[in-house]
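The values are calculated or read from the model by the stated rules, or taken from the named source; none is laboratory data. Values in this document were obtained by computation on a predicted structure and should not be read as measured data. A quick note on method: Cβ atoms are made from the backbone with ideal geometry, for glycine too, and the neighbour counts reach across all protein chains shown.
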Amino acid sequence: MTNRFWAVLFGGVLLACFLMVALAPVFGYWLPRNVCVYGDDIDHLFYVILWATGFFFVLTSVLQVIAIWRWGDYDPAKRAQYSHGHLGLELLWTIAPGVILLYLTFAQIPAWSKVTYPSERPTPDQVVTVVGRQWEWRLRYPAAGVPERVRTWADGGLIDDVYVVNELHTWKGANCTLLLKTDDVLHSFYLPNFRRKQDLLPGKTVTIWVQATEANTKHDAATDTWSLDPAVGPAWEIACAELCGGRHYAMRGVVFVHPTKDDYDRWLKHTATRQRSYKPEQ
Amino acid sequence: MSVGHGTKPTTHARELGFLRKYIFSTDHKIIGIQFIFSALIFLVIGGLLALAVRLQLGWPAGDIPLIGRWFPESWGGRMSPEFYNMLFSTHATIMIFLVIIPMLAGGFGNFLIPLMVGAPDMAFPRLNMLSYWFMWPAFVSILSSFFVEGGAAGVGWTSYPTIASAMLPEGTASPATPNAGMGQTLWLVGLICVGISSMLGSINYITTIVNMRAPGMTLYRMPLTVWALFVTAILQAMALPVLTVALLLQLLDKTVGTTYFLPPAGLTFGNWQTAAGGGQPLLWQHLFWFYSHPAVYIMILPAMGMVSDILATNARKPLFGYRPMVYALAAIAGLGFIVWGHHMFQSGMDPRLGTGFMIATMLIAMPSAVKVFNWLATCWQANMNLTAAMLNALAFVSMFVIGGLSGIFMAATPVDIQIHDTYFIVAHIHYVLFMSSLFGIFAGLYFWYPKMFGRMMSEFWGKVHFALTFVLANAVFFPMHIIGIQGHPRRYYDPTLYETWAPLQPMNEFMSVAAMLLGAAQIIFVLNFLGSLFLGKRAPINPWNSNTLEWTVPSPPPHGNFETTPVVYRGPYEYAVPGEPLDHVPQTEPAK
Amino acid sequence: MIGARRMAPRRWTRPLVCSLLTTLAATLAGCGGSLDTGYSIDLIYPVRKDPLVLAPLPAETPANPVPPGKLDESIRRLPEIKGKLLDPDKLTDAQRADLKAALDAAFGRPAEPTIRVLGKVEDEEYADFVTEAPASFAALKLADPTVEPDDKQKAEKDQAYRDKTLAVGGKLFRRHCMHCHGVVGDGRGPSGAWLSPTPRDFRQGVFKFISCDPGLSRLKPRRDDLRRTLNHGVEGTSMPSFALLTEEERDHLVSYVLHLSIRGEVEYDTIKTLLDPNQGPDALTDKKLDRHVASRTGLFLWQWAQAATASGATPAEEPKATDPADAAFPASVRRGYQVFTGQDAGCISCHQDFGRQARYRYDDWGTLVKPNNLTNGIYRGGRRPIDMYYRLRCGIPGANMPKIDSKNFPDADVWALINFLRALPHPDTLPDDVREKVYGVVDPKAVAPKHAGGGHD
C-alpha cells in the first residue's frame, strides 16, 4: 500500500462525500418542498452556508490529498521542511474564517427574529390550539374568527370549538398562529414543508406562526369532503421531533391548506356541524 | 510558573503481590491500561447496540433476526418501539460516558501525562486508583439496568424531563414510558459515579502538570497531548459539578418526590396523574447542556492533542504553529462554556437568548479552523511515513473538517429550525465522535501500544483495519447528512409511516448494510490488539523515533518511570532540524 | 526503526478492498427499499396463560389506578378481595394440546388468519348457529356479498376472500397495533402493560363503545363502532386516531380485530368449560372439544352478525334547544342537571361530584376504570351529542355503566342531559343556579381553570 494508494483512497472517499451532496438533489433527496412564507429566507441561508462550507471542504480535502500524494513516500535520506510556523499564514487562516463566520452570524439574525421573536409576530388571521400528547396532536379551532382574548381561549376553550385530531387546516396566505401546549412530556411540533419546529413544554404555552403560500386541498362537492390534491405531490406532514416515548415515531399529522378563506370556513362549519350531530350516521 | 521541582524516583521497599500490582494498582500506567481495557469492552457493547439500532432502521417492518425467539411471545417476533428507544439511548450513553471519555481522559491521560512531563507518577496516586474504581459502580449500574423491570433507560442519553423524571406518588415505575423507571434511576446513579471518577482524575492531571514537570520542561515545551489533556482536565473540573448536581436533582425527583423539573400543574398520562410540582422542565436542559457542551470538547481535545503529536512524529516535521495550536485549545475550551444554549434553540427558551448563543457558537469554529490548517501545514512539504497511526491521524483531520463544517449549519439558528432533531445532527455527532475522536483513539492506540505493552501491533492489519473502517464509516454516516436535510427525524422507530421520508428507505437500508460490515471490520482491530499482546514483536524503546520523554524509557516503562529525573532542553517537535545527523532531536538532548 | 523496511504489500490486499467496495456498491444498487412481509409463518397464536376474570367483580373502589407494569399482578390478586379467577395453568397438558389444535384449525396462525366453523354440531342449542355461519360472514362483510350463488363455488370464493382480508388486516395489525394490543389481542403487547387505561383485551368479546341496544346486539359492537374508534382514537387514552390510514386499510383492521375477538372468546369459553368443576374432567375430550369450539365459533359469529344487522339506538325525537344562545337552552340544562343528580338515573352516584371525586372500580377485564370526570371535557367514546346518546342509551359494556331506558326517560330527557353534559366543562354556558351548585361560584370568571399550566382538552 503505497502513498499513492492512500492518496487515492482518501481522495476517493472525500470525492464520494462531495458527490453525494452534489447529486442528492438530482435523485430527489433534498430539502422538502417549501410552502411557507419565510421558508425561502431560511433556505437561502442554508445555501449560503452550504457554499461557504463546501468551499472549505474542497480546499482542505485537496490540500490533504496533495500532501499525501507528494510527501507520503517516506525516505529516510530526505529531510522535511523545517518550519515551526508562519505568522502571516496564522493571521490569514484566523482572520479569513473569522470574517466569514461573523458575516454568516449576522446574516441569520433577520430571519430568526422574523420567525421566532414575540415582538415580530404578525397579527393572526387564524389561531389554533395544539395539544401534543402521547401520541397524537389534538387541535382545537375556534368556531368563528379569532377569539378576543386568545390566551384565555387557549386555556379554557369555548363550547362551540371544533376538535380535530392530527390535522392542521389553514388557508393560503393566512397567518396561522398556533398555541402549543402539552400535559405530559416534551414533544416538538415539526412541519418540514413549513421550515418550522417548536418544542412543547409541560407547564408553558408556546406560540408560533406559519403562513402557507400554496394550497393542497380540494373539495369534492358530491360527497362534501375535503382531501389532499394528489396533483400537489406528497402530503405536507406534521411530525414529532422530540422523543416522547414509545409511539414518538407515530405522531403523524397532515397539513391541509385550503385555497381560499371561504373554503376553509366551509370546512370549519361542516366539521362543526358533524361534531354537533344528533343523528346516527348512515 | 517555574519549572517543576524534580523528584527522585521512588522504589518500593518490597515486591507487591499480583493484586496490588495489576488490579488495585496506584501506578498511573496500570490505571491507564485498566481504563483502556474497560473502555474497549464497552466499545464492543455500544457497537452491538448501534448495530441493533441500524437493524431496525434498515428494515423497520422486519422481525428480530436469529434471537427473536428469546423475546416474550406477546412481542410477536418484532422489536417493540420502547426497546428501540432503549437501544439508541444506551448506545449513546455507553459510548460517551463509558468509552470515549474514559478512554481519552482516563486511559491516555493517565498513561501519558507523567511520562510526557517527566514525572515518576501522578501527584495523587491513590486518588488516581480511586478514580478508576469509581467507574466500576457505573459499569455495574448501567449493565444491571438492562435486567430491571422496564429495562434500561430509554429516554435518550439527554434524559430530558419530563419523560425521564415523571413519577407517580408511589412506586418505582414511570407513567411516561416503561424504560424511565428503575433503569433510569440506575442510569443516573451510574453517571454520577462516572462524574466523580472524572473529577478525581482531573484534579490529578492539573496538579501533576502544574507541579511535577521535569526540570527544563516549561509549559511551552510540553507536547500538545499534554496541553490538550490539561485543558480537558480544567473543562472537566469546572463543568462536571453542574452535571453531577443536575443528575442528583433528577434522582431526587425520581426517588424522593422533589419537583425540580415538575411543572406546577403536574402531569397527566391517561389515568395516571402525578403530584403537583413547582419546577420547570427547561431547567434540566440548561444544567445538562452546561456540562454536555464542554463534554463534547472533553471528548475531542485529547484526540486533537494526540493527533498533533502523531502527525509531527510521522511527518518527520515540526508541528506547524505550536503556540497558535495551544491558544486554539484554550479558545475552544473557553468558548465552549458559553455556547450550551445552541442545543436549546427550539426548546421554548426565549429566542433572543438563541441569538446570543448563536454568536458564540459561530465563533468557536475559528480556533477549530486554525487547528485544521496547522495540521495540514504540518503535512505540507513533509516526509510522511504512513503508518497505521499516521493514517488514522490524517483521517481525523479531514473527518473533523466535515464534522466541524456541518456544525456551522446547526449554529445558524434559522437553519437549525429545520435540521434540529434530524439525522443531520446524528451525522454531525458521528463525524466528530466516531470519525474524529475514535480515529484519534485508534491512532493513539497504534502509536503508544509499544510503550504500553512492550509489543508491536501488526502494521499490515492496522492498515487493513483503517482502510475498511475509513471507507465504511463514511458510507454509514455521510448519507445521514442527506436524509437529515430532507428532515428525517432522529430517534424514529419507523420513519416509513411518512410520505416525506418513506422514499429515503433505500438509503437507510444501505447505511444499515454498511454498518454491519463496519462492525465486522472492527474484529480485525480486536484480534490485532489482543493477539499482539502475546504474538507481537518485542518493542524497542523508541520504535517511531519520536522526541518526547516517554520514548526515552523502556517499553513498557518500569514503576517510577525514569531511573533518574530527566532534564529537558528543547521542545517536542525538533524534527528535520538542519545540521543535525538524525532527522529528530529528542527533548533530553542538550543544546550544543 | 521506521522506514527501515517498508511493509511489503500483500498481493491480495488491493483486490480484497476493491471487491468489498464492489459488494457495497452492488448492495446499494440492489436496495429497493424494505418490504413489509408481515408475520413470520412460524409464529403461532399462543394459548392463553393469564387467568380468566369471572363475575362477580370485587366491590372495592380504590382511589388510584393500577400502577405501571402491574396489570397482571393486580389481576392475580383479585381473589384476595373476593374476585373470581380461573387459572389456565390448571389445564392438563392433554387438554391444552387439544385446545390448541382445535383453535389453530379454526383460526389459523397470525400469518394465515382465518375463521372456520368446522364440522357438524349435534348439540341442538348451537347447531343453528353453525349452519347460520355463512350468513354471519356475509353480514360481517367477511365474505363478498356480490358473488353470484353457486353454493360450493361461493363458499370457496368467500373463504378465499375472507382469508385474504384477514391476512391483509393481520399485516396491518402487526405494523400498527400489535405492540400495544399484543399478538392475540390481549392488550399485553410490550407497550401495553405500561399504559393506563390498558389497551383493550379483545378476548372476551366485549367492547365499550357500542351504538346498539345490548339486548338486541348481544353486547357486540357494530363494525361502524370499531371503525369510529379507529377514525377518532379514544380521546384521553393512548389509543390514537388512525384516520390517516386509507378507509380500506381501516376496514381490514376491523375485520382482523373481529377475528382476534372471536378466537379469544372461543378460547375463553372453552377454557371455562374445561375447568368447570361441575362438568367433570372428561367433559370435553377429543371430538367433543372440537365440536364445542365449532359451536362457539358459530355462536359468536352469529352475535356479531346480529349487532351488524340490528338497528342502532336511534333517537325517536330530535333535541329542541342545542345552541347555548337559544332561549330554551338554560331550561334544558336545568332539566339535565335534575336527571343527572336525581335518584332514578343515578348518574351522580358513580360520577361523584360530577366525576371530580369518582373512584375507580373493577371492570369485566379485571382492570380498574373510573367514571368520567365530566367537568374535563374529555369524552372517550366521542364528543358528538349522538355519541353521548349511544353511551346513555346503550350503556358501556365491560365498564358496566348502565343504560338509561326509554320507558323511564324519553328522548327529551336524554337530550336535556346531553345539553347539561356539554355545558358542564364550560361554566359560562351554565345557568347561574346550576353553576353555583356545580362550581360553588356564581361568577363564571371565578371558576378555577381546569389546569393552571398548559391545559388539556
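Looking at B:ASN508, B:ASN547, which is the one that is touching a residue at least 60 places away in the same chain (Cβ under 8 Å), over 30 Å from A:GLY245 (Cα atoms) and of a type in the set (S, T, N, Q)? Spell out the reasoning first.
On the way: B:ASN508 fails: over 30 Å from A:GLY245 (Cα atoms).
Step by step, each of B:ASN508, B:ASN547 is checked, and only B:ASN547 is touching a residue at least 60 places away in the same chain (Cβ under 8 Å), over 30 Å from A:GLY245 (Cα atoms) and of a type in the set (S, T, N, Q).
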Could you list all residues from segment A:98-117 that are of a type in the set (A, V, I, L, M, F, W, C), in contact (Cβ under 8 Å) with a residue 40 or more places away in the chain and at the interface with chain B (Cβ under 7 Å from one of its Cβ atoms)?
A:LEU104, A:ALA111, A:VAL115
Give the residues of segment C:418-433 that are part of a helix (DSSP H, G or I) and under 19 Å from A:ASP160 (Cβ atoms), sorted by residue number.
C:ILE418, C:ASN419, C:PHE420, C:LEU421, C:ARG422, C:ALA423, C:PRO427, C:ASP428, C:THR429
Which condition does B:GLY76 not pass, out of (1) more than 16 Å from the chain's Cα centre (by Cα); (2) under 30 Å from C:GLY192 (Cα atoms); (3) at pLDDT 90 or above, if it passes all the others?
(3)
If we keep just the residues of segment C:58-85 that are touching a Leu at 6+ places or on another chain (Cβ under 8 Å) and closer than 24 Å to C:THR273 by Cα, which is farthest from the other protein chains (Cβ to nearest Cβ)?
C:LYS84
Select from segment A:57-70 the residues that are facing chain B (nearest Cβ under 8 Å) and free of Cβ contacts under 8 Å to residues at least 24 places away in the same chain and write down the one among them that is nearest to B:GLY407 (Cα to Cα).
A:THR60
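Return the residue satisfying two criteria in turn: it lies in segment A:234-263 and is more than 7 Å from chain B (Cβ to nearest Cβ) and surrounded by fewer than 21 Cβ atoms within 10 Å (Cβ to Cβ), and of such residues it is farthest from A:TYR190 (Cα to Cα). Give the steps one after another, and end with the answer.
At the first step, the residues of segment A:234-263 found to be more than 7 Å from chain B (Cβ to nearest Cβ) are A:236, A:238, A:240, A:251, A:253-263.
In the following step, the residues that additionally are surrounded by fewer than 21 Cβ atoms within 10 Å (Cβ to Cβ) were identified as A:254, A:259-263.
Working: A:VAL254: 11, A:PRO259: 22, A:THR260: 24, A:LYS261: 24, A:ASP262: 27, A:ASP263: 25 Å.
Per the criteria, the residue is A:ASP262.
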Among (1) within 14 Å of chain A (Cβ to nearest Cβ); (2) part of a loop (DSSP other than H, G, I, E, B); (3) over 30 Å from C:ARG77 (Cα atoms), there is one condition C:ALA345 misses while meeting the rest; what is its number?
(1)
Residue hits (segment A:185-208; more than 7 Å from every other protein chain (Cβ to nearest Cβ), buried (at least 24 other Cβ atoms within 10 Å of the Cβ) and touching a Leu at 6+ places or on another chain (Cβ under 7 Å)) are A:HIS187, A:PHE189, A:LEU200
Before we move on, is B:TYR492 at the interface with chain A (Cβ under 9 Å from one of its Cβ atoms) and under 13 Å from B:GLY58 (Cα atoms)?
yes
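Yes or no: C:GLN338 surrounded by fewer than 20 Cβ atoms within 10 Å (Cβ to Cβ) and over 30 Å from A:ALA272 (Cα atoms)? Break it down stepwise before answering.
Values: surrounded by fewer than 20 Cβ atoms within 10 Å (Cβ to Cβ): yes; over 30 Å from A:ALA272 (Cα atoms): no.
No.
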Among the helices (runs of 4 or more DSSP H) confined wholly to segment C:42-133, which include 1 or more residues that are closer than 30 Å to B:ASN179 by Cα?
C:71-76
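Which residue, of A:THR170, A:THR129, is under 26 Å from B:THR268 (Cβ atoms), part of a strand (DSSP E or B) and either of a type in the set (Phe, Trp, Tyr) or in the same structural domain as A:TYR264 (by TED's automatic domain parsing) (or both)?
On the way: A:THR170 fails: under 26 Å from B:THR268 (Cβ atoms).
That would be A:THR129, the only listed residue that is under 26 Å from B:THR268 (Cβ atoms), part of a strand (DSSP E or B) and either of a type in the set (Phe, Trp, Tyr) or in the same structural domain as A:TYR264 (by TED's automatic domain parsing) (or both).
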Among the residues of segment C:187-215, what is the count of those that are on the phi < 0 side of the Ramachandran plot and not in a helix (DSSP H, G or I)?
19
Spans of helices (runs of 4 or more DSSP H) in segment B:242-344 with at least 1 residues among the charged types (D, E, K, R) and more than 14 Å from chain A (Cβ to nearest Cβ)
B:301-315
Selection over segment B:320-336 where residues are at negative phi and in contact with a His (Cβ under 8 Å, 6 or more places away or on another chain) yields a count of 3
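Any chance segment A:37-48 includes a residue that's farther than 30 Å from B:ILE364 by Cβ, touching a residue at least 12 places away in the same chain (Cβ under 8 Å) and buried (at least 18 other Cβ atoms within 10 Å of the Cβ)?
Kept after step one, since they are farther than 30 Å from B:ILE364 by Cβ, are these residues of segment A:37-48: A:37.
Cutting the leftovers down to touching a residue at least 12 places away in the same chain (Cβ under 8 Å) gives us A:37.
Narrowing further to those that are buried (at least 18 other Cβ atoms within 10 Å of the Cβ): A:37.
Taking every residue of segment A:37-48 in turn, at least one turns out to be farther than 30 Å from B:ILE364 by Cβ, touching a residue at least 12 places away in the same chain (Cβ under 8 Å) and buried (at least 18 other Cβ atoms within 10 Å of the Cβ).
Being under 28 Å from the mean Cα position of the chain (by Cα) and in a loop (DSSP other than H, G, I, E, B) is the filter here; which residues of segment B:543-558 pass it?
Of the residues in segment B:543-558, the ones under 28 Å from the mean Cα position of the chain (by Cα) are B:543-544, B:546-551, B:555-557.
Passing the criteria: B:PRO543, B:TRP544, B:SER546, B:ASN547, B:THR548, B:SER555, B:PRO556, B:PRO557.
Name the one entry in C:THR229, C:THR165 that is within 25 Å of A:VAL164 (Cβ to Cβ) and among the hydroxyl-bearing types (Ser, Thr, Tyr). First the steps, then the outcome.
On the way: C:THR165 fails: within 25 Å of A:VAL164 (Cβ to Cβ).
When all the criteria are applied, what remains is C:THR229.
Any residue in segment A:106-113 that is of a type in the set (Val, Ile, Thr), at pLDDT 95 or above, farther than 19 Å from A:TYR264 by Cβ and surrounded by 21 or more Cβ atoms within 10 Å (Cβ to Cβ)? Before you say what the answer is, go through the steps one by one.
The initial filter retains those residues of segment A:106-113 that are of a type in the set (Val, Ile, Thr), namely A:109.
Narrowing the set further to residues that are at pLDDT 95 or above leaves A:109.
Subsequent filtering for residues that are farther than 19 Å from A:TYR264 by Cβ retains A:109.
Applying the additional criterion that residues be surrounded by 21 or more Cβ atoms within 10 Å (Cβ to Cβ) yields none.
The answer is no, given that none of the residues of segment A:106-113 is of a type in the set (Val, Ile, Thr), at pLDDT 95 or above, farther than 19 Å from A:TYR264 by Cβ and surrounded by 21 or more Cβ atoms within 10 Å (Cβ to Cβ).
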Test B:ALA521 against the criterion of being free of Cβ contacts under 8 Å to residues at least 60 places away in the same chain, of a type in the set (A, V, I, L, M, F, W, C), surrounded by 18 or more Cβ atoms within 10 Å (Cβ to Cβ) and within 7 Å of another protein chain (Cβ to nearest Cβ), and give yes or no.
no
Does B:PHE434 satisfy the condition of being more than 9 Å from chain A (Cβ to nearest Cβ) and either more than 26 Å from B:ILE524 (Cβ to Cβ) or surrounded by fewer than 24 Cβ atoms within 10 Å (Cβ to Cβ) (or both)?
yes
Which one of these does B:GLY487 not meet: (1) on the phi > 0 side of the Ramachandran plot; (2) more than 10 Å from chain A (Cβ to nearest Cβ)?
(2)
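Considering every residue within segment C:355-369, establish whether at least one is part of a helix (DSSP H, G or I) and surrounded by fewer than 21 Cβ atoms within 10 Å (Cβ to Cβ).
Here is the first cut: in segment C:355-369, the ones part of a helix (DSSP H, G or I) are C:355.
Then drop every residue that is not surrounded by fewer than 21 Cβ atoms within 10 Å (Cβ to Cβ), which leaves C:355.
Yes: one or more hits.
Quick one: in segment A:159-183, which of the residues that are within 7 Å of chain C (Cβ to nearest Cβ) and surrounded by fewer than 23 Cβ atoms within 10 Å (Cβ to Cβ) is nearest to C:ASP326 (Cα to Cα)?
Taking segment A:159-183 first, the residues within 7 Å of chain C (Cβ to nearest Cβ) are A:159, A:163, A:165-166, A:181-183.
Next cut, surrounded by fewer than 23 Cβ atoms within 10 Å (Cβ to Cβ) only: A:159, A:163, A:165-166.
Details: A:ILE159: 13, A:TYR163: 22, A:VAL165: 29, A:ASN166: 32 Å.
Only one residue fits best here, namely A:ILE159.
Quickly run through segment A:77-97 and pick out the residues that are assigned to a loop (DSSP other than H, G, I, E, B) and either at the interface with chain B (Cβ under 7 Å from one of its Cβ atoms) or charged (D, E, K, R) (or both).
Scanning segment A:77-97 gives A:LYS78, A:ARG79, A:ALA80, A:GLN81, A:TYR82, A:SER83, A:HIS84, A:GLY85.
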Report yes if some residue within segment B:206-227 is out of contact with any strand residue (DSSP E or B) (no Cβ under 6 Å at 6 or more places or on another chain), closer than 21 Å to B:TYR297 by Cα and free of Cβ contacts under 8 Å to residues at least 60 places away in the same chain; otherwise report no.
yes
Output the number of residues of segment B:453-492 satisfying the condition of being farther than 30 Å from B:ARG54 by Cα and buried (at least 24 other Cβ atoms within 10 Å of the Cβ).
1
What number goes with the only condition from (1) within 21 Å of the chain's Cα centre (by Cα); (2) of a type in the set (Val, Ile, Thr); (3) facing chain B (nearest Cβ under 7 Å) that A:VAL13 does not pass?
(1)
